[in-house]
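Remarks on the structure that follows.
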Amino acid sequence: MPKISDIEETPNPNAVKFILREPVSNGVARQYGSAEQTENDPLAKSLFDVGHVVSVFYMDRMITVEKDEEGDWDELLPALAVPIRAAEAVAPSPAAAAAAAVGGSIAAVTSDDPRLLKINEILDERVRPALMGDGGYLEVLGLNDHTLSIRYQGACGSCPSSLTGTLMAIEGMLKQEVDPDLEVIAV
């Protein structure tokens, strides 16, 4: 049963990040945008069951919960803490640690495009740690010619600054270091 180490606000006013003492996943990011998607995930399902929850993201020792406009954090935080504390902690596995070290998505691992490997190195070193600090994450979906498709997860998924300033900063960084013609789109 994971203990909550801290609860942090995120740049997204409708999302909070729970920092845990024990991991609830082995380096695998889990994102759910509705209760219907959580059929095989008891932790995510129990968080949606609290009510007013519109998305759940978790990875390792972090859980980010986003609420709807009607939800009140003063009421939701104690209610959300109950299923989090009741969740099963997972023991780190060597295979999961190796998979997490690769970063990005399967598209990046299976691609023979050297730009995609370089992109994921840059994202792993400079972007993903900052996003995780804010309760979010970024998944690379693929690279088609000069268009990189990404998906924001967690608090970043609906945060206005992710879809504007952060996206432009990522694109500028990747244009400078990988491909001057690169366009980055969030889907």
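Backbone geometry of region 20-36 corresponds, through the Karplus equation with coefficients 6.51, -1.76 and 1.60 at θ = phi - 60°, to 3J(HN,Hα) couplings of 10, 7, 10, x, 10, 8, 9, x, 9, 7, 10, 10, 10, x, 7, 5, 5 Hz, x marking Gly and Pro. Label sites at Ser5 and Asp49, each approximated as a point 7 angstrom past Cα along Cα to Cβ, lie 2.8 nm apart. Basic side chains Lys and Arg get +1 at the Cβ, acidic Asp and Glu get -1 at the Cβ, and with that the dipole of the chain about its Cα centre reaches some 520 debye. Beta-bridge orientation, region 103-186: approximately 65 percent antiparallel, per DSSP, counting only bridges with both partners inside. When the Cα positions of Thr147, His52, Thr10 are compared along the charge dipole of the chain, Thr10 comes out farthest toward the positive end, with charges on each C-beta of Lys, Arg, Asp and Glu. Per residue, the chain reaches -9500 deg cm²/dmol at 222 nm when only DSSP H runs of four or more residues are counted, each adding -39500 (n - 2.57).
Among Gly136, Gly172, Gly154, the largest mean-square fluctuation in a Gaussian network model of the chain, built with springs joining Cα atoms closer than 10 Å, belongs to Gly172. Out of the DSSP beta bridges found with both residues in the chain, what percent are antiparallel (nearest 5)? Counting only bridges with both partners in the chain, antiparallel ones make up about 85 percent.
Exposure proxy shown here: for Met173, Met132, the number of other Cβ atoms within 10 Å sets the order, fewest to most, as Met173, Met132. Working note: Karplus 6.51/-1.76/1.60 with θ = phi - 60° gives region 43-48 the couplings 5, 4, 4, 5, 6, 5 Hz, where Gly and Pro are set to x.
Each value in this text was obtained by applying a stated rule to the coordinates, not by laboratory testing. Please read these numbers as outputs of a predicted model, since none were measured by experiment. We place every Cβ from the backbone using ideal geometry, glycine too, and count neighbours over all the protein chains shown.
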